[in-house]
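A.B. asks: The structure follows.
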Amino acid sequence: MNLSGKTVVVTGGTGFLGAYIVRELERAGATPLGFGRSAYDLLDRAAIEQMLASRSPDAVVHVAGTVGGIGLNQREPGRLFYENAAMGLHLLEECRISGVEKVLVAGTVCSYPSETRTPFREDDLWTGYPEETNAPYGLAKRMLLVQAQAYREQYGMNTIYLMPVNLYGPGDNFDLSSGHVIPAMIRKFHEARNAGIHSVTLWGDGSPTREFLHVADAARAFRMALERYDGAEPVNVGSGREISIGDLARTVAGVVGFDGAIDWDAERPNGQMRRMLETSRAKELFGFQAEVEFERGIAETVKWFETNVGSS
Ligand SMILES: NC(=O)c1ccc[n+]([C@@H]2O[C@H](COP(=O)([O-])OP(=O)(O)OC[C@H]3O[C@@H](n4cnc5c(N)ncnc54)[C@H](OP(=O)(O)O)[C@@H]3O)[C@@H](O)[C@H]2O)c1
């Protein structure tokens, strides 16, 4: 799809990833329309219908979602399942009815089965049940892949599906009760350093591994896929670098300037033990490779936090 002059609705355009996608699409010459819940509540099917009728998009990038770290997933599995499934379900159906040319749906690494061999290959997505701490969220997202593939088969609708790994970067959610691991660590180390506290306690035992992708890289992958990929198969979007939570904590503490002890609360869940995506499909199908170097991305995120959140 040549994006020049195209109108692209970005659901979740007011959120972390969505805002980067809006800027990325602008740079590609498109007219992106980024919306949050207050503009069109995607849990209300009539609002979706109205959005598509009044904006007449050529393409829709569906990034809206109800997301958070392990804490939120454990407290509100029902809401996470319902809202992620319902938003996508009705949006895809309304896109079909109104004849949107192309739809891109954001999936997630949380959809992979808990016992998947590492690195996770797209073909292993259906080999088991997801890790219990995020299964309702991960399965709701998986259902949207089923819907996208079924609609392609029956109606010829061009819907593509990307599965990003854990994202981080400036603009992330730094709320300790709902945010992901990197912003939570940045906030905890920052607050301990400022208060002169000599130890910080983190969830789990530090041994699980994760892969992180800078949000600007993720937005570039979404733009490239919109331009160059028209297939049915889901595609991983990652950085190809695996890091233990313990090493991550030491890296973040170093950048923040916290030199106290890092304690682990092993009563709290670790989540899935290893997480890393196999990323060759994205490179082969639409030429995407991550570019932001991890330590630089963390430094940039810490700086953003200290300027925009930490001092408030
Ligand atoms: N962050 C990650 O590490 C990560 C990793 C893999 C996949 N993903 C996927 O990427 C997507 C974006 O994640 P994010 O971190 O950018 O999330 P986010 O910052 O929490 O943003 C969520 C967006 O969805 C919108 N939204 C929520 N409920 C809505 C509703 N009922 N109707 C309309 N809009 C609604 C929000 O609008 P308001 O601003 O109005 O609330 C916001 O714009 C999600 O689909 C998620 O599954 C994220």
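The values are calculated or read from the model by the stated rules, or taken from the named source; none is laboratory data. All values reported here derive from a predicted model rather than from experimental measurement. Here Cβ is always computed from backbone atoms with ideal geometry, including for glycine, and neighbour counts include all displayed protein chains. Only protein heavy atoms, including side chains, enter the accessible area calculation; ligands, DNA and RNA are left aside. Shrake-Rupley method; radii C 1.70, N 1.55, O 1.52, S 1.80 Å.
A.B. asks: What number comes out for the charge environment of H198, summing +1 per Lys or Arg and -1 per Asp or Glu over other residues with Cβ under 11 Å away?
C.D. replies: Net local charge, H198 excluded: -1.
A.B. asks: Take the solvent-accessible surface of the protein heavy atoms, probe 1.4 Å, and return the percent of it on the chain that carbon and sulfur atoms account for.
C.D. replies: 47 percent
A.B. asks: Can you give the local net charge around A19? Use residues other than it whose beta-carbon is closer than 13 angstrom to its beta-carbon, Lys and Arg +1, Asp and Glu -1.
C.D. replies: -2
A.B. asks: Can I ask one more? Please compute the per residue accessible area over the chain with all protein chains in place, 1.4 Å probe, rounded to a whole number of Å².
C.D. replies: Accessible surface, normalised per residue, equals 42 Å².
A.B. asks: Next question, about the same structure. Please list, by residue number, every one of the GluC sites (Glu not before Pro) in region 88-179 that is coil in DSSP and has at most 13 other beta-carbon atoms within 10 Å.
C.D. replies: The qualifying sites are E101, E115.
A.B. asks: Here is a further query. Once you've got the Cα coordinates, tell me which of K188/K303; K283/K303; K102/K141 are over 22 Å apart.
C.D. replies: Over 22 Å apart, Cα to Cα: K283/K303.
A.B. asks: Could you work out the Rg to Rh ratio of the chain, with Rh taken as the Kirkwood radius (inverse of the mean 1/r over all Cα pairs)?
C.D. replies: 0.97
A.B. asks: Follow-up. Using the alpha carbons of region 1-152, what is the convex hull volume per residue in cubic angstrom, as a whole number? Write out the running numbers ahead of the final one.
C.D. replies: On the way: hull volume 18.1 nm³, N = 152.
Roughly 119 Å³ of hull volume per residue.
A.B. asks: About the Cα centre of region 36-140, how large is the charge dipole given +1 on each Lys and Arg Cβ and -1 on each Asp and Glu Cβ? Please answer in debye to the nearest 20.
C.D. replies: Using Cβ point charges on Lys, Arg, Asp and Glu, region 36-140 gives about 180 debye.
A.B. asks: Would you mind classifying region 136-273 by shape? Square roots of the alpha carbon gyration tensor eigenvalues, ordered a ≥ b ≥ c; an a/c under 1.5 is rounded, otherwise it is prolate if a/b is larger than b/c and oblate if not. Don't skip to the answer; put the middle values down first.
C.D. replies: On the way: a/c = 3.02, a/b = 2.29, b/c = 1.32.
Note, shape of region 136-273 comes out prolate.
A.B. asks: Over the chain, what relative contact order in percent results from Cα pairs under 8 Å that are six or more residues apart?
C.D. replies: Values: 612 pairs, mean separation 58.2, N = 312.
So the answer I get is 19 percent.
A.B. asks: In debye, nearest 20, what is the charge dipole magnitude of the chain about its Cα centre with +1 on Lys and Arg Cβ and -1 on Asp and Glu Cβ, if you could check?
C.D. replies: 400 debye
A.B. asks: Can you list which of the chymotrypsin sites (Phe, Trp or Tyr not before Pro) found in region 121-153 are DSSP loop residues with at most 12 other C-beta atoms within 10 Å?
C.D. replies: Here the sparse-neighbourhood loop sites are W126.
A.B. asks: Another one. Ordered by packing density, taken as the mean number of other Cβ atoms within 10 Å over each peptide's residues, highest first, how do 17-30, 40-53 rank?
C.D. replies: The peptides rank, most packed first, as 17-30, 40-53.
A.B. asks: Counting Lys +1, Arg +1, Asp -1, Glu -1, what net charge surrounds I262 among other residues with beta carbon under 15 Å of its beta carbon?
C.D. replies: -1
A.B. asks: Kirkwood Rh, Cα Rg: Rg to Rh for region 118-180?
C.D. replies: 1.05
A.B. asks: Around I160, which amide H atoms from residues at least 5 apart in sequence, or from another chain, sit under 5 Å from its own amide H, with H modelled in the peptide plane?
C.D. replies: The answer is V103, L104, V105.
A.B. asks: Which translational diffusion coefficient, to the nearest whole µm²/s, is obtained for region 180-240 from the Stokes-Einstein equation, given a Kirkwood hydrodynamic radius over C-alpha pairs, 4 °C and 1.567 mPa s?
C.D. replies: Rounded, D is 87 µm²/s.
A.B. asks: How about region 96-190: which trypsin sites (Lys or Arg not before Pro) there are in a DSSP loop, with at most 15 other Cβ atoms within 10 Å of their Cβ?
C.D. replies: Here the trypsin sites (Lys or Arg not before Pro) that fit, given the DSSP loop and packing criteria, are R117.
A.B. asks: Could you rank the peptides 75-85, 234-244 by their average count of other C-beta atoms within 10 Å per residue, with the highest value first?
C.D. replies: Working: 75-85: 17.3, 234-244: 20.8.
Result, highest mean Cβ count within 10 Å first: 234-244, 75-85.
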